[in-house]
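Trainee: Supplied in structure tokens, the structure appears directly below.
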Amino acid sequence: MNSEDLILQEADDKLINDAFQHLLDTYVASRHRKKVDIITKAFNFARQAHKGVRRLSGEPYIMHPIAVAQIACEEVGLGSTSICAALLHDVVEDTDYTTEDIENIFGAKVAQIVDGLTKISGGIFGDKASAQAENFKKLLLTMSDDIRVILIKICDRLHNMRTLESQPANKQYKIAGETLYIYAPLANRLGLNKVKSELEDLSFRYEHPEEYNSIKEKLASTQESRHTLFDQFTAPIEQSLEKMGVKYVIKERIKTPYSIWNKMQNKHVTFDEIYDILAVRIIFTPSKREDEINECFNIYVAISQIYKSHPDRLRDWLNHPKANGYQALHVTLMSKQGRWIEVQIRSDRMDEVAEQGFAAHWKYKDGETSEFTEDEGELNEWLQTIKEILDDPQPDAMDFLDAIKLNLFASEIFVFTPKGEIKTMPAGCTALDFAFSIHTFLGSHCIGAKVNHKLVPLSYKLQSGDQVEILTSKSQHVQPSWINFASTAKAKAKIQAALRRDNRETQKVGETLLSDFLGKNDVTMTNAIVDQLMALHDFHKREDFMLAIGEKKVILGEGDLNELKGKKKKKKEGKGWRKFIPFLKSTSPSTGEKTTTKLFIVPEKFNRKKPIFVTDDNISQYKFVDCCHPIPGDDILGFIDNKNQIEIHKRSCPVAAKLKSAYGNRILDAKWETHKRLYFNAVVHMQGIDRIGLLNEVTTVISNQMNINMKKVMITCDDGIFDGVFDLRVHDREDLQTLISNLKNISDLQEVAQVM
């Protein structure tokens, strides 16, 4: 080993030893039993196993397991078993050691968790289309055996997000999208609020770097004015709490860049129009643990004598904690500066549970020594729901991810059974969802419900505090229309399972009818024949085609025979799906220009790490689908579809969010390289107070000032409210933002926003 290698080795050793010492110091300072020996043993084992391997960032690989263990210990509050599993989590997957080796050296529990983590990681970048969805299924299955598997996986994901910079852009979008779609809601559902916020922010930072930096800069520039507002608002509260003899800490809670951006998108407002960036958190230490709820209300009474409270914004999460264990009292008060400010009142225990979730519960169990207890009713109930979804496998990866997403709800309501038992349900749920949450039989046979003793339909949306009685009939069966108003994962999964059972019977009838029809006309039923008939009737899936025949929606006859015998060939042109093929003179959905260019087909040895550039000349080679209408200037990505053609989506598109999670290996980095030659469709919606000359001012800004063409205009003026939708032709995002900014300067126009 030469001197340079020796210096590098010494630097690596110091880096590794310092990181591990920091982990040990954090662990020793915690309230866990001090099993330093087994943690040291796991570290030495992992260090030896990963010796000589480096990450993409260039640092020794062992730094990753140490970092994951650090997060598990410090930020999630886990103990020695989890720390050992975190240190060893990549050993079985990346080295020659087996799960049996881990069990022999570290025991069955550590081995079981490592095995669970290994099952999840296997083949995540493989060629299988639904690799991520399959891995997520494995994740949930192992999670129902030991919750620590998912907690460590979330720690692993957090460290991967913190070190995402070294990955190529297409991997960044894939990992960030998957994080936002799956892991952040999962962390939220498990009560890991701090981790959830960081995962969201990091995803936002990599998917929309310009917007992220812009919001960070604005937060920094307005920091001083927020501090002043905070000090002025909390000064009288502090005096009141000190008079009461409360031991407390008051903290500023600043909205995260991601949640600010989300609100800007959803409410169509600018940064300056968001007024709830600042919130105040009062964290107190109760004199007696059993009195903490009473003390929360005492503090609320005291501060509501200083400031007027908003009557509709009192949130009592004390007596009815959220499903993830969150407890606090939220009240919104009017400050002397005329601003509504939310105040969150919680005990130190509630605060720790809010930050660390279920992992923090064990600390407050009398004489509890293990890391987890088995009596977390809400968590076990949630895991049971997931098991039920997994018991009925979805045929499509997207359906599965959607079903799980539905279950990771953040907002909850409390509903009562006829006997007065309380059930936690997601906000926006219906009477049908409630029926399925109690029992599958009850859901399958329900005909209506009584809410607060009044008869309501199954589609009725429940409110917090409703008492619900489900009415059933033995003759009732699951109806296809139910899927339109079911909102919970469990209800949707059970309805789809029942419909699939019914459909399978009808499909068999359809296959028999088709076989008989072809047999009578001396045609052998082959896949090619079926495909030919499917194309004639505009069907893409064989199951749908057989179902339509079975339901008598498709009646087989002379036209089908003519198709099979090659007659009436002219009918093929411009019929069915063929007219949408781009190179048969179709229209580009985004630009509206006629094109005869063939779509680009991704070759087998295509470099997916390099970005693709969308230019004025090659734009017609890509697919612009209708889900998000990207225009130059939007943050975009490419997706390789089943035909090896490339779709262009906005990175914030809801369809792209699913694609990143289910088909991450097909995501490409895409960039614009256009020069204001082409025009793109953009729809702008505006509302305001109607007056004479308002429309004239709007059209003057659009046509004269901005020189923008209007394709279509729809205007209504009811009860003095002006409402207009303008379909415009713009060059890029810059044009559109300048236009919206100029329109907002027109007096009496209250809201101007782009329609997705």
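The values are calculated or read from the model by the stated rules, or taken from the named source; none is laboratory data. Source: prediction; values computed, not measured. FYI the Cβ positions are ideal-geometry reconstructions off the backbone, even for glycines, and counts take in every protein chain you see. Areas reflect the complete protein model, heavy atoms only, side chains present, ligands, DNA and RNA absent. Shrake-Rupley method; radii C 1.70, N 1.55, O 1.52, S 1.80 Å.
Trainee: Taking the stated definitions as given, is Arg189 closer than 20 Å to Arg733 by Cβ and surrounded by 14 or more Cβ atoms within 10 Å (Cβ to Cβ)? Write out each step before concluding.
Mentor: Working: closer than 20 Å to Arg733 by Cβ: no; surrounded by 14 or more Cβ atoms within 10 Å (Cβ to Cβ): yes.
Answer is no for this residue.
Trainee: To continue, here is another question. Looking at the range 234-244, can you tell me whether even one residue there is in contact with a Ser or Thr (Cβ under 9 Å, 6 or more places away or on another chain) and either in contact (Cβ under 8 Å) with a residue 12 or more places away in the chain or open to solvent by less than 20 Å² (accessible area, probe 1.4 Å) (or both)?
Mentor: We begin by selecting, within the range 234-244, every residue in contact with a Ser or Thr (Cβ under 9 Å, 6 or more places away or on another chain); these are none.
Within the range 234-244 (the criterion being in contact with a Ser or Thr (Cβ under 9 Å, 6 or more places away or on another chain) and either in contact (Cβ under 8 Å) with a residue 12 or more places away in the chain or open to solvent by less than 20 Å² (accessible area, probe 1.4 Å) (or both)), the answer is no, since none of the residues qualifies.
Trainee: With a cut-off of at least 1 residues that are at pLDDT below 85 and not small (Gly, Ala, Ser), name the helices (runs of 4 or more DSSP H) lying wholly within the range 393-510. Steps first, answer last, please.
Mentor: On the way: elements: 397-407, 431-438, 440-444.
Correct list: 397-407.
Trainee: Further question: How many residues are touching a residue at least 40 places away in the same chain (Cβ under 8 Å) and open to solvent by 80 Å² or more (accessible area, probe 1.4 Å) if we restrict to the range 21-30? So that I can check it myself, show each step before the final result.
Mentor: From the range 21-30, those touching a residue at least 40 places away in the same chain (Cβ under 8 Å) are 22-23, 26-27, 30; that's our starting set.
Those left that are additionally open to solvent by 80 Å² or more (accessible area, probe 1.4 Å): 22.
Qualifying residue count, the range 21-30: 1.
Trainee: Residues being open to solvent by 20 Å² or more (accessible area, probe 1.4 Å), more than 31 Å from the chain's Cα centre (by Cα) and farther than 16 Å from Gln479 by Cα: count how many of those fall in the range 432-455.
Mentor: Narrowing the range 432-455 to residues open to solvent by 20 Å² or more (accessible area, probe 1.4 Å): 437-442, 444-445, 447, 450, 452-455.
Filter once more, keeping what is more than 31 Å from the chain's Cα centre (by Cα): 445, 447, 450, 452-455.
Filter once more, so that each one left must be farther than 16 Å from Gln479 by Cα: 450, 452-455.
Residues flagged as open to solvent by 20 Å² or more (accessible area, probe 1.4 Å), more than 31 Å from the chain's Cα centre (by Cα) and farther than 16 Å from Gln479 by Cα within the range 432-455 amount to 5.
Trainee: In addition: Go through (1) surrounded by fewer than 19 Cβ atoms within 10 Å (Cβ to Cβ); (2) at pLDDT below 85; (3) part of a loop (DSSP other than H, G, I, E, B) one by one and return the number of the condition Phe539 breaks.
Mentor: The one condition Phe539 does not meet is (1).
Trainee: In addition: Does the range 114-127 contain at least one residue that is at pLDDT 65 or above, on the phi > 0 side of the Ramachandran plot and not in a helix (DSSP H, G or I)?
Mentor: no
Trainee: Let me ask something else about it. Could you give me the residue pairs with C-beta distances under 6 Å whose first residue belongs to the range 203-218 and is more than 12 Å from Ala176 (Cα to Cα), whose second residue is among the aliphatic types (A, V, I, L, M) and part of a helix (DSSP H, G or I) wherever it lies, and which are 6+ apart or on separate chains?
Mentor: Listed pairs, sorted by first residue: Ile215/Ile260.
Trainee: Filter the range 162-186 down to residues that are charged (D, E, K, R) and buried (at least 23 other Cβ atoms within 10 Å of the Cβ), then give me how many there are.
Mentor: So the first thing to find is which residues in the range 162-186 are charged (D, E, K, R), and the list is 162, 165, 171, 174, 178.
When the remaining residues are screened for being buried (at least 23 other Cβ atoms within 10 Å of the Cβ), the result is 174, 178.
Count: 2.
Trainee: Here are some conditions: (1) open to solvent by less than 50 Å² (accessible area, probe 1.4 Å); (2) aliphatic (A, V, I, L, M); (3) over 28 Å from the mean Cα position of the chain (by Cα). Ile215 meets all but one. Which one does it not meet?
Mentor: Result: Ile215 passes all but (3).
Trainee: Are any of the residues in the range 687-696 among the small types (Gly, Ala, Ser) and more than 29 Å from Ile721 (Cβ to Cβ)? If you could, list the steps in order and put the result at the bottom.
Mentor: Step one: list which residues in the range 687-696 are among the small types (Gly, Ala, Ser), which gives 688, 693.
Still in the list and also more than 29 Å from Ile721 (Cβ to Cβ): none.
Within the range 687-696 (the criterion being among the small types (Gly, Ala, Ser) and more than 29 Å from Ile721 (Cβ to Cβ)), the answer is no, since none of the residues qualifies.
Trainee: So Ser287 fits all but one of (1) open to solvent by 20 Å² or more (accessible area, probe 1.4 Å); (2) under 33 Å from the mean Cα position of the chain (by Cα); what number is the exception?
Mentor: Failed condition: (2).
Trainee: Another question, if that's okay. Filtering the range 300-326 down to residues that are part of a loop (DSSP other than H, G, I, E, B) and out of contact with any Phe, Trp or Tyr (no Cβ under 9 Å at 6 or more places or on another chain), which residue is surrounded by the most Cβ atoms within 10 Å (Cβ to Cβ)? Before the answer, list the steps.
Mentor: Here is the first cut: in the range 300-326, the residues part of a loop (DSSP other than H, G, I, E, B) are 305-308, 310-314, 317-326.
Among the residues that remain, those that are also out of contact with any Phe, Trp or Tyr (no Cβ under 9 Å at 6 or more places or on another chain) are: 305-306, 308, 311-312, 319, 321-322.
Working: Gln305: 11, Ile306: 14, Lys308: 12, Pro311: 7, Asp312: 6, Asn319: 10, Pro321: 17, Lys322: 19.
Going through the qualifying residues, I end up with Lys322.
Trainee: Then there's this: Checking Gly77 against (1) more than 34 Å from the chain's Cα centre (by Cα); (2) at pLDDT below 85; (3) within 19 Å of Lys153 (Cβ to Cβ), which single condition isn't satisfied?
Mentor: (1)
Trainee: Starting from residues that are closer than 21 Å to Asn160 by Cα and of a type in the set (D, E, K, R), keep the ones in the range 1-20 and report whichever is surrounded by the most Cβ atoms within 10 Å (Cβ to Cβ).
Mentor: Result: Asp12.
Trainee: Give the residue that is most open to solvent (accessible area, probe 1.4 Å), with candidates limited to residues of the range 245-279 that are among the charged types (D, E, K, R) and either more than 19 Å from Thr332 (Cα to Cα) or touching a residue at least 60 places away in the same chain (Cβ under 8 Å) (or both). Step through it out loud before you land on a result.
Mentor: Step one: list which residues in the range 245-279 are among the charged types (D, E, K, R), which gives 247, 251-253, 255, 263, 267, 272-273, 276.
When the remaining residues are screened for being either more than 19 Å from Thr332 (Cα to Cα) or touching a residue at least 60 places away in the same chain (Cβ under 8 Å) (or both), the result is 247, 253, 267, 272, 276.
Numbers: Lys247: 143, Arg253: 57, Lys267: 122, Asp272: 119, Asp276: 54 Å².
Among those residues, the one meeting the criterion is Lys247.
Trainee: Applying the selection to the range 204-235, what residues are of a type in the set (S, T, N, Q), closer than 21 Å to Thr270 by Cα and part of a helix (DSSP H, G or I)?
Mentor: Narrowing the range 204-235 to residues of a type in the set (S, T, N, Q): 213-214, 221-223, 225, 228, 232, 234.
Adding the requirement that they be closer than 21 Å to Thr270 by Cα leaves 213-214, 221-223, 225.
Hits for the range 204-235 are Asn213, Ser214, Ser221, Gln223, Ser225.
Trainee: Of everything in the range 628-658, what is under 14 Å from Trp672 (Cα atoms) and in contact with a Cys (Cβ under 6 Å, 6 or more places away or on another chain)? Give them in sequence order.
Mentor: His649, Lys650
Trainee: Could you please tell me which pairs satisfy a Cβ distance under 7 Å, a separation of 6+ or placement on different chains, a first residue in the range 504-525 that is of a type in the set (Phe, Trp, Tyr), and a second residue that is outside any helix (DSSP H, G or I)?
Mentor: Matching pairs, first to second residue: Phe517/Leu556.
Trainee: Can I ask one more? Somewhere in the range 331-343, is a residue under 16 Å from Leu241 (Cα atoms), open to solvent by less than 20 Å² (accessible area, probe 1.4 Å) and either among the hydroxyl-bearing types (Ser, Thr, Tyr) or in a loop (DSSP other than H, G, I, E, B) (or both)?
Mentor: Checked against the condition, which is being under 16 Å from Leu241 (Cα atoms), open to solvent by less than 20 Å² (accessible area, probe 1.4 Å) and either among the hydroxyl-bearing types (Ser, Thr, Tyr) or in a loop (DSSP other than H, G, I, E, B) (or both), the range 331-343 yields no hits at all.
Trainee: When you scan the range 511-536, how many residues do you find that are farther than 13 Å from Leu561 by Cα and either assigned to a loop (DSSP other than H, G, I, E, B) or charged (D, E, K, R) (or both)?
Mentor: 4
Trainee: Within the set of pairs 6+ apart or on separate chains, which have a first residue in the range 31-59 that is open to solvent by 80 Å² or more (accessible area, probe 1.4 Å), a second that is part of a helix (DSSP H, G or I) and basic (Lys, Arg), and C-beta atoms under 9 Å apart?
Mentor: The qualifying pairs are Arg31/Lys363.
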